[in-house]
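Comments concern the structure below.
Nothing in this text is a laboratory measurement; each read-out follows from the coordinates by a stated rule. Computed from a prediction, not measured in an experiment: that's the story for all the values here. Quick reminder, even Gly has a Cβ in these numbers, built from the backbone with ideal geometry, and neighbours come from all protein chains shown.
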Amino acid sequence: MPINWLLLGGHQTQKREVISEQDLNKQEVVTECYCPNGHSILTDKAIFQGHPGLTLKLKSKTSEGLLVISPLIGDRERTFIDFEKKLGEVVDICCPTCSETFPVYNVCPCGAHLVALFTSKKAHFSQCIGICQRLGCLHSELLSERDLRLYNRQDYF
Ligand SMILES: [Zn+2]
Ligand SMILES: [Zn+2]
């Protein structure tokens, strides 16, 4: 018998997509999100259309506070809590529970780094959301092991 599990999680199924505002129409919601140590970062510190937000601790040279981003894919809503934001500044993005810094996995088109927020407890880069460390940069990416968009593509083209 062939060993099918070798196909699971292989590179050939990796999808990396830039999240755009149109993605909001697809009504995909992040229901799980973890730090590298497995803490869930979904909290009710801010609620977006009834869904708990992704809560991140931000550290800049002059300030430390929280950022809560919408779990709706494509939604650019975000709320800063007790954080003095300077647009354009590059900050550290950490877990609000253990303060572990989220790992960098790529360079953002703006020149800062993209960090990975893991959407599975495996804390693997094949399943994560990428967000930029620069305040005011709204570039974000969705990395997944399957093509979430297949149906929609067929409808559009
Ligand atoms: Zn943590
Ligand atoms: Zn950026």
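Annotation: lysines with alpha-carbon distance below 30 angstrom to residue 86 (same-chain offsets under eight excluded): 45, 57, 59, 61. Note that region 33-44 has calculated 3J(HN,Hα) couplings of 7, 10, 7, x, 9, x, 6, 6, 9, 7, 9, 9 Hz, one per residue in order, obtained from phi through the Karplus relation 6.51 cos²θ - 1.76 cosθ + 1.60 (θ = phi - 60°); glycine and proline are x.
Computed from backbone phi, the HN-Hα couplings of region 97-106 come to 8, 10, 6, 5, 6, 5, x, 6, 10, 6 Hz, rounded to whole numbers (Karplus: 6.51 cos²θ - 1.76 cosθ + 1.60, θ = phi - 60°; Gly and Pro given as x).
Within straight-line reach of residue 26, meaning a Cα separation under 12 Å, sit the following aspartates and glutamates at least 8 residues removed in sequence or on another chain: 75. Taking label points 7 Å from Cα along the Cα-to-Cβ direction, residue 79 and residue 122 give a separation of 3.3 nm.
Geometric descriptor of region 14-156, per residue, is 103 Å³ (volume of the convex hull of the Cα atoms). Database remark: amide H of residue 77 closer than 5 angstrom to the amide H of 70 (H placed geometrically; neighbours at sequence offset of 5 or more, or on other chains; Pro and chain starts carry no H). Between residue 106 and 114, the built amide H atoms are under 5 Å apart, and every one of these is 5 or more places off in sequence or on another chain. Close amide H pairs (under 5 Å, H built 1.01 Å from N) link residue 53 with 43, 45, 46, 48, residues at least 5 positions away or on another chain. When 41, 81, 19 are sorted by how many other C-beta atoms sit within 10 angstrom of their C-beta, beginning with the fewest, the order is 81, 19, 41.
Computed from backbone phi with θ = phi - 60° and the Karplus coefficients 6.51, -1.76 and 1.60, the 3J(HN,Hα) list for region 70-86 is 5, x, 7, 5, x, 7, 8, 5, 7, 10, 9, 10, 6, 10, 8, 8, 10 Hz; x is used for glycine and proline.
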